[in-house]
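Student: This is the structure I have questions about; it appears just below.
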Amino acid sequence: MRGAAGPAGGSRFRARKLNTKTALTILRESDVAGDIAEHDTHIGTERSDAITSLPKVESGVESKEEREHHLQAVINAARAAATAGANAAQVSIPTPDAVASSISYDKLYPPHFRQPHTYIRFSSTVEDSTGVPYCMNAEDDIFLKAFNTKRQPVQQCSEDEFEQLMSSYEETTAARQPFAAVDNTPVLSLEEMELCFEEHERFLVDERARKFAKDVYEYWKAERGKNLNKSLMPKLKTLKMDSGQEADDSDPYVCFRRREVRQVRKTRGRDAQVVEKLKKLRKELEEARHLLHLVKQREYGRKEDLELSRTIFEQRASVRDMKRTLDIRDDDEDLITQRTPKRRPQDMPNAANRGLNQTRLPGRPDSVSAPEADLISFREVVAQRDREVTKSINGNVLSHERWNRDFIDRTEQQLRAVFSPEDLLMDSDSEEVMPAFVGVKAEYIQQPTPPASVIADSNDEDEASPIVREDANEKIPVRFARPSEQKSFAREPHYRRRTARGGRVVLDRRMPRMAFKENLNDRLVDRFKYDQDDGDDSSDDGVDIYSATGFAFRSQWASGHPRVDPQAQRRVPPATTAGGDGQSGNAAGAR
Amino acid sequence: MVHRDESHDASEVAEPLEKGFATLETLRTGVKAMVEKQGEKRKAEILSIMIRKGRPTYYVHYEDFNKRLDEWIEGSRIDLSQEVEWPAPEKPDKKDKSKDKTSKTDVLKDKSNSNLKRPRSLIDRASGTPEASAGKTQSRTLRAGGKENREELAVITTEDMDATPQPEDESMDIVDVQTAAAAAKALAPNEPYSREEEIEKLRTSGSMTQNQTEISRVRNLTKMQMGHHEIEPWYFSPYPQEFTDSDLVYICEFCLESFPDFKPFSRHRAKCTLLHPPGNEIYRDDKVSFFEIDGRRQRTWCRNLCLLSKLFLDHKTLYYDVDPFLFYCMTTRDEYGCHLVGYFSKEKESAEGYNVACILNLPQYQRQGFGRLLIDFSYILSKREGKLGSPEKPLSDLGLLAYRAYWQETIVDLLLDGRTEANVEELSTAAAMTTNDVLHTLQNLNMLRFSKNQHVIVVTDVVIQQRERQREKEKIKGKHHLRPELLIWKPPVFTASSRTWNW
């Protein structure tokens, strides 16, 4: 926006732009008398400059029309009035006249209008409000008058009836033969017309008017023929059906074209997107529907399951009642409703700890028959095997006892007939840890079964050790057992049996320490661990022939009375051996 | 439009214009002759010739007069004692020459004003000569030559090669030239293309056309009877072609149906039950009522209204249907019903922010202050909507005057309400006028001044005097004012679907 101010000298300069947001001081002309003089001269002398240097705002009238004579006259007059204060002569733009009409207004427009108290609300259309669309023209009037003169007053066709018929013919033709004016379609016959009387509201003709259908039809047909089969009602050319777009465009009488026709073209690109969106939406909705369907199925399943469970429960209850009434006593196995899987391993103390249960997925707690139930789990396999092992051990123990029935265990520390399963397991585990000494409770007792866990180590041949000749004929029952972990085994004698070079069986021995003190700390124990010459005693038999038990043992053996009580056999209290602290060691028979 | 050719004569003295004496028999369309008009002789162009009752009558357009004054005249009013100008035959070589002469800056200015308008098509149409195509070929040659002028200037000038500046054109501002030149460039050089463009524009918005072929038509109806009045149409309107034969076309005052004859009209009146515009009354005071009518719901009525208003609005186009417009109809009431006085249409959604598309005060009610009420109401609606509004362009001459008067009154009242300063945006918000219209008004009244290095608004004494005189006159005459509190109206909301499918 440029403003111009011409101070003295009339030199113009470019002013700052006018910001529409800056506040402008409003002044009365009288307040700024000093400036006004300048402005006045400015306006007076450089009128055109003053105008042109201000931003030109478009008047909005076409520039060519703006220069029209009368408009300019008025504008100039107004400008003169606004600027120079001249009393504007009443200049106006001449327009063609509108004069009072000579028609009898009151007859045509009856004074029916009554103003409603509230604002009018109205939605009927012109078509709703104007009755039969056809309006008689002067020719129709002549025809109708001539037609009616021949008839009795009661037989006369009224104007309304005539218009109904004409309207019906016109509308029917327009509906049935939209191109009647151009394609030489034969005019619809009266019969066809009459068929249509009831068809549509627009074609409707009163019963009374139908008497004149034929006469009016003939007249209509003639008029139509005169009019080149065009509609008798003047119609706007809204769309030319028979010509292309170009012809339409150049015809000034064609108006009110529909816009939608071309809108399609414009939105084609968007249509594709919309179609894609709709497809996607449909797909998603179908998926959602499918999900809901599945949920429904599941809930039906649950319901059925509940019903079945209830049935089962009730039937069990009836079974129980039946049993009570019949006084049948057995385990109430079949009364347990929520049965845990039958094949759960019983003797797996560690099963819970191992977390096998936790690996199962939760869910489907009510499942009728889980497929997993049919599968054999690892746990069960292990449990099965263990059971078999235990069983065979028990069997062996039984047979062992049976075989030993008539034998007497004369050993100092009698053999335990049964190994605990833990021992077995641990034994198998410790196979690799072979070169350790094992606590041995050896008895001089003959046993027919070979030791179950003889450990032969042929790799120890190099070891220098007393050679023990093994006599195949002499069955020396030797039992090994791991020292019990509960009590300290350090004071017990330890032996190791091994097969030496040439097949000799060598039994190494380690005797308890001479001065063992319970309260020695581990460090000291460790220090003196090897501080004894147990190897030197290897020649010695290791049997303290002077010990009381030794005497007792030998005497018992010599007496020839076997001790049959296996309990007694087994229970050789360690106190017996360990009781004598003064003993240097226990003897273990190697031969 | 015709003045252009006149100016052409004036400036190009060297250009030999075919002049000569004519007789009634040799007169043809395109000829310009002096015609007696209200006691004086004016140059007029014959646009059409018809034999009526055995005698030829001539449809003439007076230069520098609005087209509404075009008329059919007897041959006797044509002054054949003076030479007449014959329509220029197309001679490409001659036009080349004329181009050389006219390619001056002043021509450029003139051209810029004129090219929005395309006066040529009128002449072409009337004379039936294919001048447009000649013009095209010529512009091509010119561009190829491109001698003394910059090429763009040359291009611009060629569009109107026979147009030369009028004396009063000298005052044109160069800025205006530039904007007009830009507009000229925006318009395609050849007529069919720009027409297509315009149709496309009209399809989406607007109701006014710049298209000369639509504007330049010969008026087709002689006289209209409506209500208590008989009205002379001003411009062409596409009523059914049968009506052109009728001397008096009857229009039902309430449903606006038209009839070429009295008999069908009287029959129609016997059946018609409408007593007011077929819509909802949204404003009522002791003098006028306003009805809101949806072009889609009342298609027939609105079409009738548009046909009627086209008789008095030159630039209105009826190319497309009335669906995207709302019609606000002002009526007076009596025991006969609500008589349509005027209306304005409004786009349901205006891309340009127009609050009025077409506005018409029926000729029988003009000069009674109704036009101001219509304009006022359009701004009351805009205020209710919380929008700024402006009428769709181009304005007619009468429209411009009416709007300027309203704007002046509104702005001056705002400035005189005791405030000491105001910015343009405040004024525009208070009046619901666009800032451009506010500026236009301030400048037009010479109130926007630059003093002490800043802009000020100076309320001139003459403006105050004018306003006071006006107020006194209003007191005496009892001027009617609309009262916004009587408007019972919520801005209608149209979704895309409701616009398309009428949901």
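The values are calculated or read from the model by the stated rules, or taken from the named source; none is laboratory data. Because the structure is predicted, anything quoted here is derived from the model rather than measured. FYI the Cβ positions are ideal-geometry reconstructions off the backbone, even for glycines, and counts take in every protein chain you see. Only protein heavy atoms, including side chains, enter the accessible area calculation; ligands, DNA and RNA are left aside. Shrake-Rupley method; radii C 1.70, N 1.55, O 1.52, S 1.80 Å.
Student: Inside region B:448-467, can you point out the residues that are out of contact with any strand residue (DSSP E or B) (no Cβ under 9 Å at 6 or more places or on another chain) and open to solvent by less than 100 Å² (accessible area, probe 1.4 Å)?
Tutor: B:453, B:462, B:463, B:465, B:466, B:467 - these are the residues of region B:448-467 that are out of contact with any strand residue (DSSP E or B) (no Cβ under 9 Å at 6 or more places or on another chain) and open to solvent by less than 100 Å² (accessible area, probe 1.4 Å).
Student: Follow-up. Filtering region B:231-269 down to residues that are among the hydrophobic types (A, V, I, L, M, F, W, C), touching a Phe, Trp or Tyr at 6+ places or on another chain (Cβ under 6 Å) and within 7 Å of chain A (Cβ to nearest Cβ), which residue is farthest from residue B:362 (Cα to Cα)?
Tutor: Top of the filtered list is B:259.
Student: Restricting to region B:44-58, what's the tally of residues that are surrounded by 19 or more Cβ atoms within 10 Å (Cβ to Cβ) and within 14 Å of chain A (Cβ to nearest Cβ)?
Tutor: Of the residues in that region, 1 qualify.
Student: Do you know which residues across region A:176-190 are surrounded by 11 or more Cβ atoms within 10 Å (Cβ to Cβ), part of a loop (DSSP other than H, G, I, E, B) and without any contact (Cβ under 8 Å) to a residue 60 or more places away in the chain?
Tutor: A:177, A:185, A:187, A:188, A:189
Student: Across region A:70-108, what is the number of residues that are modelled with pLDDT of 85 or more, open to solvent by 50 Å² or more (accessible area, probe 1.4 Å) and facing chain B (nearest Cβ under 7 Å)?
Tutor: Summing the residues that are modelled with pLDDT of 85 or more, open to solvent by 50 Å² or more (accessible area, probe 1.4 Å) and facing chain B (nearest Cβ under 7 Å) in region A:70-108 gives 2.
Student: Hey, another quick one. Only one of these conditions is not met by residue B:259: (1) of a type in the set (Phe, Trp, Tyr); (2) open to solvent by 10 Å² or more (accessible area, probe 1.4 Å); (3) under 21 Å from the mean Cα position of the chain (by Cα). Which number is it?
Tutor: Condition not satisfied by residue B:259: (3).
Student: Across region B:378-434, what is the number of residues that are among the β-branched types (Val, Ile, Thr) and in contact with a Ser or Thr (Cβ under 6 Å, 6 or more places away or on another chain)?
Tutor: 3
Student: Still on this model: Mind checking whether some residue in region B:392-411 is more than 7 Å from chain A (Cβ to nearest Cβ), open to solvent by 50 Å² or more (accessible area, probe 1.4 Å) and within 30 Å of residue A:94 (Cβ to Cβ)?
Tutor: yes
Student: Right, here's the next one. Restricting attention to region B:328-347, and to residues there that are under 17 Å from residue B:252 (Cα atoms) and in contact with a Cys (Cβ under 9 Å, 6 or more places away or on another chain), which single residue is surrounded by the fewest Cβ atoms within 10 Å (Cβ to Cβ)?
Tutor: Looking at the filtered set, the residue picked out is B:332.
Student: Of the conditions (1) surrounded by 20 or more Cβ atoms within 10 Å (Cβ to Cβ); (2) modelled with pLDDT of 85 or more, residue A:148 clears all except one; give me its number.
Tutor: Single failed check for residue A:148: (1).
Student: When only residues in region B:290-322 that are among the polar types (S, T, N, Q) and facing chain A (nearest Cβ under 8 Å) count, which is surrounded by the most Cβ atoms within 10 Å (Cβ to Cβ)?
Tutor: So, considering only residues that are among the polar types (S, T, N, Q) and facing chain A (nearest Cβ under 8 Å), the one surrounded by the most Cβ atoms within 10 Å (Cβ to Cβ) is B:298.
Student: Another question about this same structure. Return the only residue of A:150, A:145, A:214 being closer than 26 Å to residue B:246 by Cβ and basic (Lys, Arg).
Tutor: A:145
Student: Give the number of residues within region B:348-376 that are farther than 22 Å from residue B:255 by Cα, open to solvent by 20 Å² or more (accessible area, probe 1.4 Å) and in a strand (DSSP E or B).
Tutor: Qualifying residue count, region B:348-376: 1.
Student: Yes or no: residue A:117 open to solvent by 100 Å² or more (accessible area, probe 1.4 Å), in a loop (DSSP other than H, G, I, E, B) and at the interface with another protein chain (Cβ under 7 Å from one of its Cβ atoms)?
Tutor: no
Student: Sticking with this structure for a sec: Which of the residues spanning region B:271-282 are surrounded by fewer than 23 Cβ atoms within 10 Å (Cβ to Cβ) and in contact with a helix residue (DSSP H, G or I) (Cβ under 8 Å, 6 or more places away or on another chain)?
Tutor: Across region B:271-282, the qualifying residues are B:272, B:273, B:274.
Student: Also, quick follow-up: Which of the helices (runs of 4 or more DSSP H) found entirely inside region B:206-318 contain at least 1 residues meeting this: over 28 Å from residue B:346 (Cβ atoms)?
Tutor: Because the criterion is at least 1 residues that are over 28 Å from residue B:346 (Cβ atoms), the helices (runs of 4 or more DSSP H) in region B:206-318 that meet it are B:262-271.
Student: Quick one: which of A:166, A:193 is outside any loop (DSSP other than H, G, I, E, B), aliphatic (A, V, I, L, M) and within 14 Å of another protein chain (Cβ to nearest Cβ)?
Tutor: A:166 is the lone residue from the list that is outside any loop (DSSP other than H, G, I, E, B), aliphatic (A, V, I, L, M) and within 14 Å of another protein chain (Cβ to nearest Cβ).
Student: Of all residues in region B:47-77, which are in a strand (DSSP E or B), within 26 Å of residue A:72 (Cβ to Cβ) and touching a residue at least 24 places away in the same chain (Cβ under 8 Å)?
Tutor: The answer is B:47, B:59, B:60, B:61, B:62, B:73.
Student: Among the residues in region B:468-477, are any within 14 Å of chain A (Cβ to nearest Cβ) and closer than 19 Å to residue A:26 by Cβ?
Tutor: Yes.
Student: While we're looking at this one, here's another question. May I ask you to list pairs of residues, at least six apart or on different chains, whose Cβ atoms are under 6 Å apart, with the first in region A:128-143 being at the interface with another protein chain (Cβ under 7 Å from one of its Cβ atoms) and the second being among the polar types (S, T, N, Q) and open to solvent by less than 50 Å² (accessible area, probe 1.4 Å)?
Tutor: Close Cβ pairs satisfying both conditions: A:132/A:164; A:132/A:167.
Student: Next up: Which of (1) in contact (Cβ under 8 Å) with a residue 24 or more places away in the chain; (2) facing another protein chain (nearest Cβ under 8 Å) is the odd one out, the single condition residue B:432 does not satisfy?
Tutor: (2)
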